[in-house]
Each structure stands twice: as C-alpha cells, then as structure tokens.
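First up is the structure itself, then whatever we jot down about it.
FYI, it's all coordinate maths here, none of it is from the lab. The model shown is predicted, which means the values in this text are computed figures rather than measured ones.
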C-alpha cells in the first residue's frame with residue numbers, strides 16, 4: 001500500500017513540475033549582435049566615408065558607435081501602422097572617428113544616417129566634424 005501511494009505521489013510531482021532544460025532561450029550575446037551588425041554595415045560605411053571624406057581616411061569598428069536604430073513603420077492610420085510593423089526598413093544613425101595612417105589621433109567625427117532595407121543600405125544624411 002505504501003509503495004502505491006509513493007508511486008502516485010511521485011507521479012504527481014513529476015507531472016506538476018515541468019522539466020526545465022538547460023538551453024538558454026535568449027543565448028545571443030548583445031555585444032556579439034552589435035558587433036556583427038556593424039560588420040554587416042561596414043562595406044557600405046567604408047564606401048560612404050571614402051566618397052565623402054577621402055580615400056585616405058580609416059576608422060575602427062571597435063570605436064564605432066550606433067546612436068540609434070529605428071524601425072520605419074509606414075501608414076497613416078493606427079491600423080495601417082499595426083499592419084506594417086513587420087516591414088524590415090530601419091533608419092540607423094552611427095558615429096565613426098576617422099584618422100589617417102595606423103591608428104593616429106582622430107581627425108574627424110563622421111555621423112551617418114542610413115536607411116537599411118532588405119534591398120541594401122542608402123545614405124540619408126552625412127555630417128563631418130573636424131576634431
């Protein structure tokens with residue numbers, strides 16, 4: 001009799017407490033995500049900085065800073081905006097300290113505003129500030 005009660009209690013305990021797996025649902029490191037995003041944008045940023053400031057300018061990705069990322073939700077009414085929340089169009093504002101040579105002191109601060117879509121990256125605004 002005791003063994004039947006023990007088996008029933010053990011069964012209740014097993015079924016009322018779900019098994020917890022060791023896998024982390026959010027296992028993506030924010031730093032890695034940030035760095036990989038900068039790496040994906042790098043060819044576009046490199047081309048823009050070379051065209052706007054000059055081909056002799058360099059920058060370091062580790063020193064770059066993403067100021068903001070905003071999803072562009074299109075539509076005039078709340079219903080249209082809600083419907084278009086899944087649109088993959090973003091406005092990204094980023095900042096880069098540029099220099100000439102091998103890691104010399106920065107000469108300029110470049111602020112880029114980009115439109116990022118599945119079709120590519122387009123420059124919306126470029127601001128250069130001498131340092």
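Take every Cα pair under 8 Å whose residues are at least 6 apart in sequence, average their separation, divide by the length of the stretch 30-130, and the relative contact order is 21 percent.
Computed from the Kirkwood radius of its Cα pairs, the Stokes-Einstein diffusion coefficient for the stretch 50-90 at 4 °C and 1.567 mPa s stands at 96 µm²/s. Each listed q (0.14, 0.19, 0.20 Å⁻¹) maps to a log10 I(q)/I(0) for the stretch 30-130 from the Debye sum over equal C-alpha point scatterers, namely -0.58, -0.93, -1.00.
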